[in-house]
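The values are calculated or read from the model by the stated rules, or taken from the named source; none is laboratory data. Values in this document were obtained by computation on a predicted structure and should not be read as measured data. Reconstructed Cβ throughout: ideal geometry from the backbone, glycine too, with neighbour counts over all protein chains shown. Only protein heavy atoms, including side chains, enter the accessible area calculation; ligands, DNA and RNA are left aside. Shrake-Rupley method; radii C 1.70, N 1.55, O 1.52, S 1.80 Å.
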Amino acid sequence: MPSLALEGLTKSYDGATEAVSKVTLTVADGEFLVLLGPSGCGKSTLLRMIAGLETVTSGELSIDGRSVANVHPRDRDIAMVFQNYALYPHMTVRKNLAYPLKLGGVPKSERNARVEQTAALLEIDSELERRPGSLSGGQRQRVAMGRALVREPSVFLMDEPLSNLDARLRMQMRSEISQIQRRLAITTVYVTHDQVEAMTMADRVVVMNKGRVQQIGEPTEVYEHPANLFVAGFIGSPPMNFFGARCAGGVVTVAGREIAPAGTLEADSAGSVTGVEAVVGVRPEQIQFGAAGPDELAMAGKVAAVETLGAETLCHVQVDLPGVTVEAGEVTQGDAGANSLLVRTPGNRSDLSGQDAELRVAVGSLHVFDPSTGKTVVSRHGTPRDEPRGSEAENRRGLEDSQT
């Protein structure tokens, strides 16, 4: 039985606009699920509905088979860590950890034992007599987690808990949270706009945009087989490159070369948005310098700029391919002239700046999208995409519901 189930969950504040629209998904017992998307996409609103801090406009919400959509937050057996930690500044760490147990009527001896156990788990047992104001950001984060974990909830919710930490501490806390969650096997729903957190921590990722689910799947599945232009452009740092292509005779062609079957590309999409018949995408790390082989697409260009990052270099290469601009999953512009591709290559390649370059990319690394709908019609390895991948039947149905 799934630990958490959402069926058509919807939230509207004004009765007209849906902040969250028809979300259907299941979270298995012990799973680490990440809600990922840009600011304003509805992920925090969805989390707050699960917690009971936002009322549900329509749909069903259940925990271990028990409907909780109209149950008071304190009776849902859920614990939540907020972005600002929400610690009591006048209480010691010990009292902060013990407070929810005290409210729940847990006997003092048991409270003390659970506080000591949780503090040891989070390695803050030496800070129990200090107050939050004297702690570092990472220590305060651990206390906030401890106050939620000490209750031993059925579901653990986290709303962008690392956003206030510096980059080095975020990386450390990502690892620690993942280890603790797996050690305790506690069902967790984690909200973030940081795709690195999602890729490194999640068992599955739910990508959201404008209140709707765009794709549900394991991190590598979402990265390698994006369901649409929004997911393809949002997942990945640096993001996917896009350029225009032609579609004729049931195949997609770039620079006169057939690269993939047209899949489910709509026949009337040609020229309706951008002047191109298909949008092709490729990850920066899939493009290499050098002459193309028989199963590779050849492109010639000039390196306009380089960004040296130490272990790798990002090269901006101007190529003669139809340009397209993809913003928030929508194709907004098309140019017949030169396009700029970002190439990710190992090592320090500052010597390439200003040089003419031959580029090659394996045809099997290309993705093809319908410019009218934004949907993926050919996934990596040249496979026509018939349905979302990496999702159970109910999640696939929820994806379809959210897009209607």
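Does Pro89 satisfy the criteria of being under 13 Å from Gly211 (Cβ atoms) and in a loop (DSSP other than H, G, I, E, B)? I'd like the intermediate steps shown before the answer.
Details: under 13 Å from Gly211 (Cβ atoms): no; in a loop (DSSP other than H, G, I, E, B): yes.
It is false that Pro89 is under 13 Å from Gly211 (Cβ atoms) and in a loop (DSSP other than H, G, I, E, B).
Screening segment 133-172 for residues that are touching a Ser or Thr at 6+ places or on another chain (Cβ under 9 Å) and under 14 Å from Thr92 (Cα atoms) and picking the one that is least open to solvent (accessible area, probe 1.4 Å) gives Gly146.
The number of residues in segment 182-200 being surrounded by fewer than 22 Cβ atoms within 10 Å (Cβ to Cβ) and farther than 25 Å from Gly374 by Cα comes to 6. Each residue in segment 99-125 was checked for being in contact (Cβ under 8 Å) with a residue 24 or more places away in the chain, over 21 Å from Leu135 (Cβ atoms) and of a type in the set (Val, Ile, Thr), and 0 of them qualify.
Take the residues in segment 213-243 that are touching a helix residue (DSSP H, G or I) at 6+ places or on another chain (Cβ under 9 Å) and in a helix (DSSP H, G or I), then tell me which one is farthest from Ala255 (Cα to Cα). Restricting to residues being touching a helix residue (DSSP H, G or I) at 6+ places or on another chain (Cβ under 9 Å) and in a helix (DSSP H, G or I), the top hit is Pro219. Condition check for Arg66 on (1) in contact with a strand residue (DSSP E or B) (Cβ under 6 Å, 6 or more places away or on another chain); (2) of a type in the set (D, E, K, R); (3) over 27 Å from Ala198 (Cβ atoms): one failure, at (1). Return only the number of the condition from (1) buried (at least 17 other Cβ atoms within 10 Å of the Cβ); (2) touching a Pro at 6+ places or on another chain (Cβ under 7 Å) that Leu101 does not satisfy. The single condition Leu101 does not satisfy is (2). Within segment 1-49, the set of residues being outside any strand (DSSP E or B) and hydroxyl-bearing (Ser, Thr, Tyr) comprises Ser3, Tyr13, Thr17, Ser39, Ser44, Thr45. In this structure, does Thr264 turn out to be in contact with a strand residue (DSSP E or B) (Cβ under 7 Å, 6 or more places away or on another chain), open to solvent by 30 Å² or more (accessible area, probe 1.4 Å) and modelled with pLDDT under 65? Against the criterion (in contact with a strand residue (DSSP E or B) (Cβ under 7 Å, 6 or more places away or on another chain), open to solvent by 30 Å² or more (accessible area, probe 1.4 Å) and modelled with pLDDT under 65), Thr264 qualifies.
Quick one: in segment 201-212, which of the residues that are on the phi < 0 side of the Ramachandran plot and assigned to a loop (DSSP other than H, G, I, E, B) is most open to solvent (accessible area, probe 1.4 Å)? Only one residue fits best here, namely Asp203.
With respect to being within 21 Å of Ala185 (Cβ to Cβ) and either in contact with a strand residue (DSSP E or B) (Cβ under 9 Å, 6 or more places away or on another chain) or surrounded by 11 or more Cβ atoms within 10 Å (Cβ to Cβ) (or both), Asp77 fits the description. Note on segment 60-81: among residues that are among the hydrophobic types (A, V, I, L, M, F, W, C) and either over 25 Å from the mean Cα position of the chain (by Cα) or outside the structural domain of Gln141 (by TED's automatic domain parsing) (or both), the one that is nearest to Lys22 (Cα to Cα) is Ala69. You will find that of Glu285, Glu307, the residue that is modelled with pLDDT of 90 or more and not in a strand (DSSP E or B) is Glu285 and no other. Out of Leu35, Leu46, Leu61, one residue alone is more than 24 Å from Gln179 (Cα to Cα) and either among the hydroxyl-bearing types (Ser, Thr, Tyr) or in contact with a helix residue (DSSP H, G or I) (Cβ under 8 Å, 6 or more places away or on another chain) (or both). It is Leu61.
Going through segment 9-32 one residue at a time, which ones are over 17 Å from Lys210 (Cβ atoms) and either surrounded by fewer than 19 Cβ atoms within 10 Å (Cβ to Cβ) or not assigned by TED's automatic domain parsing to the domain that holds Arg182 (or both)? The answer is Gly15, Ala28, Asp29, Gly30.
Yes/no matrix, rows are residues, columns are (1) assigned by TED's automatic domain parsing to the domain that holds Ala28; (2) at pLDDT below 60; (3) open to solvent by 40 Å² or more (accessible area, probe 1.4 Å):
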{"residue": "Gly337", "(1), (2), (3)": "no, yes, no"}
{"residue": "Ser340", "(1), (2), (3)": "no, no, yes"}
{"residue": "Arg349", "(1), (2), (3)": "no, no, yes"}
{"residue": "His367", "(1), (2), (3)": "no, no, no"}
{"residue": "Thr373", "(1), (2), (3)": "no, no, yes"}
{"residue": "Ala393", "(1), (2), (3)": "no, yes, yes"}
{"residue": "Gly398", "(1), (2), (3)": "no, yes, no"}
